[in-house]
Amino acid sequence: MRIDSITAAVVTGGASGLGQATAEALAAAGVKVAIFDVNAENGEAVAAAIGGLFCQVDITDEASVIAGFAKARAAHGQERITVHCAMTSRRGKTLAFDKEAGKLKRLSTEDYLYGVQGILVASYRIASLSAEGMAGLEPLEDGERGCITLTASVAAQDGQIGQIIYGSAKAGVNGLVLPMARDLSDLGIRVNAIMPGIFATPLMLGAKPQVLDSLAASVPFPKRLGKPEEFASLALELARNSYFNGQCIRLDGAIRMAPR
């Protein structure tokens, strides 16, 4: 896809981490970027730094997302690129011993639903609403109208103990990709997903140094955490290279996660 100063993009989770790096990379390529995030302070700061637009959006709320797209499109025009990095989830084992109760406790269906809503349903919501807007664009070369990139995780394939919510919901994100890419093929809208491994996001960097050292040592090569700008680089290539479609791509230094 042609990427230039008239191209508009939406990046969810753009106030920090992988989303911020992606927003910065797109802006550096000349794209008009709208950031969707719940964190207004960080989001406004990142948007100001890249000459973009901040939209306070809760990805779990349909009306909030619709309003965010309306604001972004009013300012920048219809987006041709959407990169969805935002998510919300919970953690827990299917059954875990509760010391206070002295018995096994089941991870509640409500907790499971919370993660599915924050990862899988939100991914469908962002992608489908973006595609609805892209469908009205004039086609570019090969009839292309837009590119949607979702964020899955290596946990979609290597879910660890305690990741029943996260792992299965991210696997569902991968499951969205091919049928949605096929659904949208006659409209010239591409859909892909990136499966990042262990990345040096603000959340991850909050761990103890010995934990970070151990995680870095577990990566076959290079023996370090992934850099957010490496995720951003792949997101940019997926937008540029129109032959990427229906793909779920691991970006992980060849790591395969152990059970714990």
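The values are calculated or read from the model by the stated rules, or taken from the named source; none is laboratory data. Here the structure is a predicted model, which means the values were calculated and not measured. All Cβ positions, even for glycine, are placed from backbone atoms using ideal geometry, and neighbour counts span all protein chains on display.
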Some residue of the range 212-233 being in a strand (DSSP E or B) and over 17 Å from the mean Cα position of the chain (by Cα): no
All positions within the range 207-260 that are of a type in the set (Gly, Ala, Ser) and within 23 Å of Thr22 (Cβ to Cβ): Ala207, Ala216, Gly226, Ala232, Ser233, Ala235, Ala239, Ser242, Gly246, Gly253, Ala254
Complete set of residues in the range 50-73 that are loosely packed, with under 14 Cβ neighbours inside 10 Å and within 19 Å of Leu236 (Cα to Cα): Gly51
Scope the range 34-49; condition without any contact (Cβ under 8 Å) to a residue 40 or more places away in the chain, outside any helix (DSSP H, G or I) and surrounded by 24 or more Cβ atoms within 10 Å (Cβ to Cβ); matching residues: Ile35
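How many residues does the range 177-193 contain that are in a helix (DSSP H, G or I), over 13 Å from the mean Cα position of the chain (by Cα) and buried (at least 20 other Cβ atoms within 10 Å of the Cβ)? I'd like the intermediate steps shown before the answer.
We begin by selecting, within the range 177-193, every residue in a helix (DSSP H, G or I); these are 177-183, 185-187.
Narrowing the set further to residues that are over 13 Å from the mean Cα position of the chain (by Cα) leaves 178-183, 185-187.
Add one more test, that the residue is buried (at least 20 other Cβ atoms within 10 Å of the Cβ), and what stays is 180.
The number of residues fulfilling the criteria is 1.
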Qualifying residue in the range 132-146 (condition: at pLDDT 95 or above, surrounded by 12 or more Cβ atoms within 10 Å (Cβ to Cβ), in contact with a Lys or Arg (Cβ under 9 Å, 6 or more places away or on another chain) and over 22 Å from Ala9 (Cβ atoms)): no
Within the range 107-131, considering residues that are under 30 Å from Ala96 (Cβ atoms) and polar (S, T, N, Q), the one surrounded by the most Cβ atoms within 10 Å (Cβ to Cβ): Ser123
Of residues in the range 12-33 being among the hydroxyl-bearing types (Ser, Thr, Tyr) and farther than 12 Å from Phe231 by Cα, the one surrounded by the fewest Cβ atoms within 10 Å (Cβ to Cβ): Ser16
